[in-house]
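Colleague: So that we are looking at the same thing, I have put the structure below in structure tokens.
The values are calculated or read from the model by the stated rules, or taken from the named source; none is laboratory data. These figures come from a predicted structure and were not determined experimentally. Accessible surface areas use protein heavy atoms only, side chains included; no ligands, DNA or RNA. Shrake-Rupley method; radii C 1.70, N 1.55, O 1.52, S 1.80 Å.
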Amino acid sequence: MSLLTVVQQACGELGLPIPNAVASSSDLQLLQMQALLNRAVEQMGRYPVKDSAWSILQKQYVFTPNFFTCKADTTQYSPNLTSITNVSGFVNGQPSTSMATLMNPNASNVPAYPWGIQSGVNIINNVQVASVNVSTNTITLQTPLGLADGTDSTGTQVYTVSQLAYPLPTDYDFTISQTFWDRGYRWQIMGPLTPQEWQVLQGGIAPTGPRKRFRIEQGLFWLHPPAFETDNISFEYISNGWVNSVAGVAQQKYLTDTDTSVLDENCLTLSLIWRFRASKGLDYSEAKLMYDRELERLAARDGGTRCLVMNRQAMSPPFLSAAQIPDTGYGGPT
């Protein structure tokens, strides 16, 4: 059922004229029904199902961190990396041909997302890139270079430049806890870190170990330490794409008559009916009761349920564990 068919069904049950169009209509009552339905789909989409969300809204996101290595001329106490040559540049494992493409596909002066220097001579912890000048092959850092063991840093050095933060999925609502993994090392990524823990990593002197950590801030996924190899990062999240366009693009609202919801549209029709009656000052108690019962029924069945085991034998896991170890002898001859 689409926006049009949901409204047509609701109008039929309410005894109203059946429309041929909704989103493009100039009828204020039909536009009100579209607005009510958008409110209904949002509230149903955010309904807490089994302390989480509808299974159809659970999605997986996998991305490969971006980084590249390059040679650059450096000058003592200067924030600039100059005369950059990409001797072994990589983005998602593919050879790089342009620093502009690496650092910023849309503009020539500011990186599209935060980048920083992962490794190189005279680089302190967490140095971020301030700007990029493609015409002169120069990267300007937020912090000037210094000295390393009293040695002048002038000369050609090798640096690893890594993207520090990544955009979340366009239909991201919230994450599912304990689903963050570094698939290259098959290690779970630790986090989300608190602001205090994150600042310890950014400015403190503390060992971080081999495990990656993450934080979500200002709509970006921050990774620490920054990438220096092409390992996939994955996690699961709840989508706010309760509606799909004809092209299959997830969106939060009905925008055209042909948009369809990923949620149960019979339940949405019941929701639209009681909301419409309430908006007109009519009795809506029975209509809302029907909606509430249908919503609870769908939530109880969504995603299936585990069996509640009442005997010890059935609780034994199908893997090797203490349950397979005998009390004495450990299987040897007596």
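Colleague: What number, in percent, do you get for the relative contact order of region 1-87 if the mean sequence gap of Cα pairs under 8 Å and at least 6 apart is divided by its residue count?
Modeller: RCO, region 1-87: 14 percent.
Colleague: Once ligands and nucleic acids are excluded and a 1.4 Å probe is used, how much of residue 234 is accessible, expressed in Å² to the nearest 10?
Modeller: Per-residue accessible area (residue 234): approximately 10 Å².
Colleague: What do you reckon, how do 67, 174 stack up by accessible area (1.4 Å probe), largest on top?
Modeller: 174, 67
Colleague: Show 186, 46, 306, 277 ordered by accessible area, largest first, where the area counts protein heavy atoms only and the probe is 1.4 Å.
Modeller: 306, 186, 46, 277
Colleague: Now a separate question. Protein chains only, probe 1.4 Å: how do 59, 253, 212 rank by accessible area, largest first?
Modeller: Most to least solvent-accessible, the answer reads 253, 59, 212.
Colleague: Just tell me which lysines come within less than 25 Å, Cα to Cα, of residue 212; anything on the same chain fewer than 8 places away is out.
Modeller: 59
Colleague: Hey, another quick one. Please calculate the 1.4 Å probe accessible area of residue 177, with all protein chains present, and give it to the nearest 10 Å².
Modeller: 90 Å²
Colleague: Turning to a different aspect of this structure: With every protein chain left in place, what is the accessible area of residue 71 in Å² (1.4 Å probe, nearest 10)?
Modeller: 90 Å²
Colleague: A further question follows. Can you spot the lysines whose alpha carbon is less than 30 Å from residue 288's alpha carbon? Ignore those fewer than 8 places along the same chain.
Modeller: Within the straight-line limit of under 30 Å, residue 288 reaches these lysines: 50, 253, 280.
Colleague: Which cross-chain or sequence-distant (5 or more) residues have an amide H under 5 Å from the amide H of residue 217, H modelled 1.01 Å from N in plane?
Modeller: For residue 217, whose amide H was placed from the backbone, the distant partners under 5 Å are 222.
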